[in-house]
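Data first, discussion second: the structure below is written as structure tokens.
The values are calculated or read from the model by the stated rules, or taken from the named source; none is laboratory data. Note that the structure is predicted; figures quoted are calculated from it, not measured. Neighbour counts run over all protein chains shown; Cβ positions are idealised from the backbone, glycine included. Each accessible area value is taken on the protein alone, full model and side chains, heavy atoms only, with ligands, DNA and RNA left out. Shrake-Rupley method; radii C 1.70, N 1.55, O 1.52, S 1.80 Å.
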Amino acid sequence: HSSCGGAALLGRPAELRSALPTAPAAAQPSSGAGGAPESEGPGRDTALLRHLLLKLRATGPVTVAEYMREALTNPGQGYYTRRGGIGESGDFITSPEITQVFGELIGIWFVSEWIAMGKPKAFQLVELGPGRGTLTDDILRVFNQLASLLSKCDVSIHLVEVSPKLSEIQALRLTGGKVQSNSEDNSAYMKGVSKTGIPISWYRDIRDVLPGYSFYLAHEFFDALPIHKFQRTEKGWREVLVDIDPQVPDQLRFVLSPSRTPATEIFIQPEETRDHVEVCPEAGVIIQRLASRIEEDGGAALVADYGHDGTKTDTFRGFRDHKLHDVLTAPGTADLTADVDFSYLRKMAQGRTATLGPIKQREFLKNMGIDVRLQVLLQNSHDTATHKQLLHSYDMLMNPEKMGDCFNFFALLPHQRLVHPDTKHKQESKSPLPPVAGFSELLMK
């Protein structure tokens, strides 16, 4: 996912122009998003493509969300269920895979919030879509280094992961593979203990994680959730759908819905000014759950992803072998992704919690003290290869042209974390609330 270049790189128009034909009942083509897929030799006709073609012949066009859900999480042929291509050999590289510093600073953010909230006796760290477990591993290292500080606190790790393949990789990395499958209590499907002695449980759904004071982490999680795409036309809003290309029977193409769809009615805000909009209802539902859990049980959520604050239009794209890949070609063999709309996430918190951000990754990491940490690591590394690697990693994370500007951090926090509950009354007696790390400038003592 580490390419933030969006649609422009695909050589397709950044927006689906409103001049596109609307599809009558027989669904007309919408050029633009997707372009002509290049054929990819004999392997192109995947089992998933055949499954989709049968489905489309039977039912007609499907929403982009339904297409994306099939391509990524179809039980037999979905991209995440089958492979989960993260890392050098996979289809995308994420920040935790680039350098340990990233995860360490996030670990420090959670500890700093734990202190600011009066050091509760226990906390759950809940990570959504933990990838290969690299980020959790780096955070556990921080917790271990701060063991004396956390000694009176009961810490547990809860990983929400749908991919059997990835949960195996996570278990191997975090516990050395010492895990038990768990069928008797239905919530967690697997349990283990980290190499540092902290209990870890695996779940398929955030709702299975027991309530309690929790820190939630979603790094490059929301960008892989299915999106609906909408296009403004002379006749009003239409939904972009996926259908069979009548000219090339085993190829897919985008079309516009002949009339408004239920999703158009629900998801397009009356004040919308853009001509093309992507909405991720699942992200909205998850944010609502996180916000109500934080409101009820305390804690915080940290979201890190590439995205925008309600300004971008067409960001749906695919990655395969670290290169951009046509989203409609060979479904199930490439990672599909779309930028996160943080303005939508903020709206979906519905005032249950306070929200901070989005703030650019380079600002957040700078505020978290990445420069100080880099200097320490450089001083402690004595070979040029490590030196070079550290500087290269730092550049990947911080350079505005690389991940520095297109990745953002966003947080949900209880209202009382930012404003004293009874501010109106005795203002003087209250000590000022500590600033939230990462979102305010770092002042070196």
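Hey, with R₀ at 25 Å, roughly what FRET efficiency would Gln389 and Gln350 work out to, going by the Cβ-Cβ distance, to 0.05?
Result of the calculation: an efficiency of 0.05.
Given the protein chains as shown and a 1.4 Å probe, how many square angstrom of Asp371 are accessible, to the nearest 10?
For Asp371, the solvent-accessible surface is approximately 50 Å².
Quick one: if you stick a label point 7 Å off each Cα along the C-beta vector at Glu234 and His322, how many nm between them?
It works out to 4.8 nm between the two label points.
Quick check: at a probe of 1.4 Å, how many percent of the accessible area of the stretch 162-308 sits on carbon and sulfur atoms?
Carbon plus sulfur share of accessible area: 53 percent.
State whether the stretch 287-445 is rounded, prolate or oblate according to the following rule on the C-alpha gyration tensor (a ≥ b ≥ c being the square roots of its eigenvalues): a/c under 1.5 gives rounded; otherwise a/b larger than b/c gives prolate, and the remaining case gives oblate.
It is oblate, given that a/c is not under 1.5 and a/b is not larger than b/c.
Can you bin the stretch 110-245 into rounded, prolate or oblate? Criterion: square roots of the alpha carbon gyration tensor eigenvalues sorted a ≥ b ≥ c, rounded for a/c under 1.5, prolate for a/b above b/c, oblate for the rest.
prolate
So between Leu418 and Asp205, what do we pick up on full extension, going 0.36 nm a residue minus the alpha carbon distance?
Net length gain for the segment: 73.7 nm.
Among 224-230, 264-270, 107-113, what's the highest-first ranking by average C-beta atoms within 10 angstrom per residue?
The peptides rank, most packed first, as 224-230, 107-113, 264-270.
Where does each of 237-248, 60-71 land if you order them by average Cβ count within 10 Å, highest first?
Peptide ranking by packing, descending: 60-71, 237-248.
Using a 1.4 Å probe on the protein heavy atoms only, what accessible surface does Tyr213 show? Give it in Å² to the nearest 10.
50 Å²
In Å², and per residue, what accessible area does the stretch 232-359 have when probed at 1.4 Å with the other protein chains present?
I get 36 Å² per residue for this part.
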